[in-house]
Protein chains: 2
Amino acid sequence: MREHTPLSDLERLAWLRLIRSDNVGPITFYRLLAQFGSAENALSSLPELARQGGRRGYRLFPSSDAEAELEQLEKVGASLIGYQEPEYPALLREMEGAPPLISAKGNLHLFGRTVIGIVGARNASANGLGFARKLAADLGRGGYGVKDPVVASGLARGIDAAAHQGALESGTIAVLAGGIDKIYPAENTRLHEEIAERGILLAEMPVGTQPTGRLFPVRNRIISGLSRGVVVVEASPRSGSLITARLALDQGREVFAVPGGPGDPRTQGTNGLIRDGAILTESAVDVLRPLGEAGILSTKEQYLFDFTGEFNDRSKLDDTERCRAVVVELLDFSPVAVDELVRNCQFSFAVVSAILLELELAGRLERHPGNRVSLINEH
Amino acid sequence: MREHTPLSDLERLAWLRLIRSDNVGPITFYRLLAQFGSAENALSSLPELARQGGRRGYRLFPSSDAEAELEQLEKVGASLIGYQEPEYPALLREMEGAPPLISAKGNLHLFGRTVIGIVGARNASANGLGFARKLAADLGRGGYGVKDPVVASGLARGIDAAAHQGALESGTIAVLAGGIDKIYPAENTRLHEEIAERGILLAEMPVGTQPTGRLFPVRNRIISGLSRGVVVVEASPRSGSLITARLALDQGREVFAVPGGPGDPRTQGTNGLIRDGAILTESAVDVLRPLGEAGILSTKEQYLFDFTGEFNDRSKLDDTERCRAVVVELLDFSPVAVDELVRNCQFSFAVVSAILLELELAGRLERHPGNRVSLINEH
């Protein structure tokens with residue numbers, strides 16, 4: 001798999017089947033791809049791997065369902081973009097657990113421009129809404145060495161909607177929690193349509209997916225993943241916007257927060273971010289200047305190939321069940337670092353990785369940021 | 001001169017004459033004291049030093065004027081406290097350029113408690129005033145290891161007055177720009193009187209001095225000098241409160257600032273302080289916790305004696321006029337570090353210091369923070 005190489009129709013179908021198969025998340029997806037050389041090869045090995053991990057009757061995502069999804073995407077005017085294709089947003093590609101496939105609709109060349117995220121409270125104040133709209137418009141004009149930035153947000157009610165509105169003229173990307181065809185909330189119907197025409201709608205979930213609570217944090221990581229920096233405008237403590245900000249920090253993005261006077265719960269979250277080191281932001285200049293000074297981030301090359309070549313001696317693993325028992329023994333319901341596991345057993349990194357992969361495909365293992373894993377409680 | 005030793009009546013009179021004599025500021029005062037061993041000895045040498053610096057007819061502050069000032073202070077119920085006396089506030093004593101004498105009136109034992117400054121805009125918002133009053137009251141209760149703090153401010157209209165009001169119960173210190181008997185502004189007459197009874201009024205300027213514009217920054221350095229930390233509540237850019245905050249930073253004090261939403265000029269200054277590293281403050285906890293963690297600052301001992309013993313070989317200086325010419329040549333109208341001067345000429349630190357002192361007394365030299373000096377333009 002080489003970056004900037006378009007997928008063939010057959011590859012696209014295999015990629016889609018692989019990412020939609022049970023217990024295959026983005027990290028596992030790339031690992032399987034590295035191990036087996038192609039999605040097609042990975043698909044044919046998956047059931048056996050899952051069986052070795054302790055699960056019988058593992059069912060691949062059927063070809064017919066994948067074909068139906070592709071048809072449906074075409075019908076709603078969206079494309080499905082693979083991780084290594086040239087259209088895929090460069091900064092998002094750098095993110096740990098970047099979606100192998102995204103569906104997108106609209107003015108796709110906007111993906112090539114610098115993206116700045118703006119997120120915030122649904123129940124924003126009139127001041128906050130006005131500020132977000134103006135900030136988005138001002139950011140869209142660029143400056144301080146940042147050329148024609150595009151504003152990304154989550155198309156939620158409140159600050160998100162105001163940010164999209166402000167940047168509609170200059171360019172905006174709406175990252176949806178559900179499928180690309182699902183308009184939510186209903187009050188944003190008009191805005192959804194305008195963005196589909198003049199900006200970009202982006203979704204990780206299959207077309208037709210209803211946006212539900214657990215999908216919002218998953219979506220938030222894409223907003224920050226796309227963006228050079230994320231601005232938080234009004235956020236109460238423990239809000240989704242703060243989660244986006246934390247994700248942005250984890251991803252090495254710049255975080256900006258708009259302060260407010262004491263006593264308003266809608267600015268306690270942003271004040272807290274500033275206290276924790278976010279850049280205090282009163283205008284677009286406060287965002288553009290640091291981003292301009294930091295220069296254009298160089299996208300990490302070869303990110304994908306970290307695990308290539310790790311599995312060249314699988315015979316060692318097949319020799320013995322003992323390895324698997326030891327690794328399972330070392331695992332816990334709370335996350336443990338894979339490096340730690342390797343240190344604590346006599347097997348190589350390649351062997352431990354292979355066992356973890358099998359457990360994951362069997363639905364017995366969960367992956368966490370920072371290359372940590374835990375056992376799943378039900379098993 | 002030893003710390004915590006009361007001045008005799010004669011010493012107090014000599015100190016007062018020395019600090020009130022032409023071109024003697026605090027830094028020069030301590031230098032003269034170190035050089036001549038006592039204020040009385042310094043007074044008798046001053047005219048000759050000034051003559052050597054190039055000024056004829058130097059006039060000492062008359063004894064009769066000093067006596068009249070002491071009488072007037074007694075009449076208004078204030079005392080004059082010398083730098084090394086036990087009543088002098090310990091943290092203020094650490095400050096570069098601490099006043100050799102302060103006049104004070106009220107409940108002087110409050111000087112022994114931890115002091116926290118609160119300053120801010122004269123044209124404060126209703127929210128800002130309410131916040132300052134509550135913050136002062138909450139701070140007065142202490143907590144997080146900070147016991148019974150006293151709130152210091154400048155008794156100006158707006159935030160200052162609100163802070164004093166909030167802390168009237170628990171303890172407050174008003175630092176006046178003019179003489180200790182001068183009530184300003186008139187609307188604070190009642191508050192001035194209440195503080196004189198229950199708190200402390202403090203002034204550096206002679207009793208009877210009208211507060212004028214140039215005295216406010218001079219006063220501000222005392223608010224921050226007294227305080228473990230300074231909280232700025234609402235401040236527009238380029239306001240006096242920001243000057244106080246910068247002075248506090250120079251003095252190694254903690255600076256706290258209360259944020260506000262973008263667009264209100266009254267919080268642009270505080271937001272700017274936060275951007276520059278001030279601690280974002282939404283409540284008394286945000287102030288008390290860091291101060292408690294920092295623990296009680298140990299007061300620097302022996303601060304006074306830095307220059308003692310530097311002048312034990314004055315004969316070298318008297319030998320030649322050449323030294324003076326070289327030093328004057330090296331000086332400029334913009335400030336230069338004394339260390340730099342010493343490095344750039346072949347004379348010892350003691351000799352350069354003595355020449356600078358003479359130039360200062362002659363009104364030809366100005367001193368700046370960080371032991372820097374410049375020539376005065378008129379000469």
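The values are calculated or read from the model by the stated rules, or taken from the named source; none is laboratory data. Because the structure is predicted, anything quoted here is derived from the model rather than measured. Virtual Cβ from ideal backbone geometry, glycine too; neighbours counted across all protein chains shown. For accessibility, only protein heavy atoms count, side chains too; no ligands or nucleic acids. Shrake-Rupley method; radii C 1.70, N 1.55, O 1.52, S 1.80 Å.
Summary of computed values
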quantity	calculated
Residue in region B:242-262 that is farthest from the chain's Cα centre (by Cα), counting only those that are open to solvent by 10 Å² or more (accessible area, probe 1.4 Å) and closer than 14 Å to B:Arg219 by Cα	B:Leu242
Single residue of region B:344-379 satisfying the filter (β-branched (Val, Ile, Thr) and more than 16 Å from B:Ala34 (Cα to Cα)) that is least open to solvent (accessible area, probe 1.4 Å)	B:Val373
So B:Pro206, is it open to solvent by 20 Å² or more (accessible area, probe 1.4 Å) and touching an Asp or Glu at 6+ places or on another chain (Cβ under 6 Å)	yes
Residues being at the interface with another protein chain (Cβ under 9 Å from one of its Cβ atoms) and open to solvent by less than 30 Å² (accessible area, probe 1.4 Å) - total across region B:278-296	3
Residues that are open to solvent by 10 Å² or more (accessible area, probe 1.4 Å), in contact (Cβ under 8 Å) with a residue 24 or more places away in the chain, of a type in the set (A, V, I, L, M, F, W, C) and over 17 Å from B:Ile118 (Cβ atoms), drawn from region B:174-203	B:Ala196
Count of residues meeting criterion [in a helix (DSSP H, G or I) and either among the small types (Gly, Ala, Ser) or open to solvent by 10 Å² or more (accessible area, probe 1.4 Å) (or both)] in region B:142-159	0
Some residue of region A:31-38 being over 27 Å from A:Val328 (Cβ atoms), in a loop (DSSP other than H, G, I, E, B) and in contact (Cβ under 8 Å) with a residue 60 or more places away in the chain	no
Test: A:Ala257 is at pLDDT 95 or above, touching a strand residue (DSSP E or B) at 6+ places or on another chain (Cβ under 6 Å) and within 14 Å of chain B (Cβ to nearest Cβ)	yes
Qualifying helices (runs of 4 or more DSSP H) (wholly inside region B:48-141; at least 3 residues being closer than 22 Å to B:Leu288 by Cβ and over 17 Å from the mean Cα position of the chain (by Cα))	B:126-140
Residue selected from region B:30-41 under the condition closer than 24 Å to B:Val207 by Cβ and modelled with pLDDT of 95 or more, by the criterion surrounded by the fewest Cβ atoms within 10 Å (Cβ to Cβ)	B:Glu40
So A:Phe61, is it of a type in the set (A, V, I, L, M, F, W, C) and farther than 24 Å from A:Glu193 by Cα	yes
Boolean, B:Leu16 is more than 24 Å from B:Leu215 (Cα to Cα), of a type in the set (A, V, I, L, M, F, W, C) and buried (at least 19 other Cβ atoms within 10 Å of the Cβ)	no
In region A:267-277, residue surrounded by the fewest Cβ atoms within 10 Å (Cβ to Cβ) [restricted to those that are facing another protein chain (nearest Cβ under 10 Å) and either under 11 Å from A:Ala121 (Cβ atoms) or of a type outside the set (Lys, Arg) (or both)]	A:Asp276
Within region A:228-240, considering residues that are in contact with a helix residue (DSSP H, G or I) (Cβ under 7 Å, 6 or more places away or on another chain) and away from chain B (no Cβ under 14 Å), the one surrounded by the most Cβ atoms within 10 Å (Cβ to Cβ)	A:Val230
Some residue of region B:126-136 being at pLDDT below 95 and either farther than 26 Å from B:Thr267 by Cβ or touching a strand residue (DSSP E or B) at 6+ places or on another chain (Cβ under 8 Å) (or both)	yes
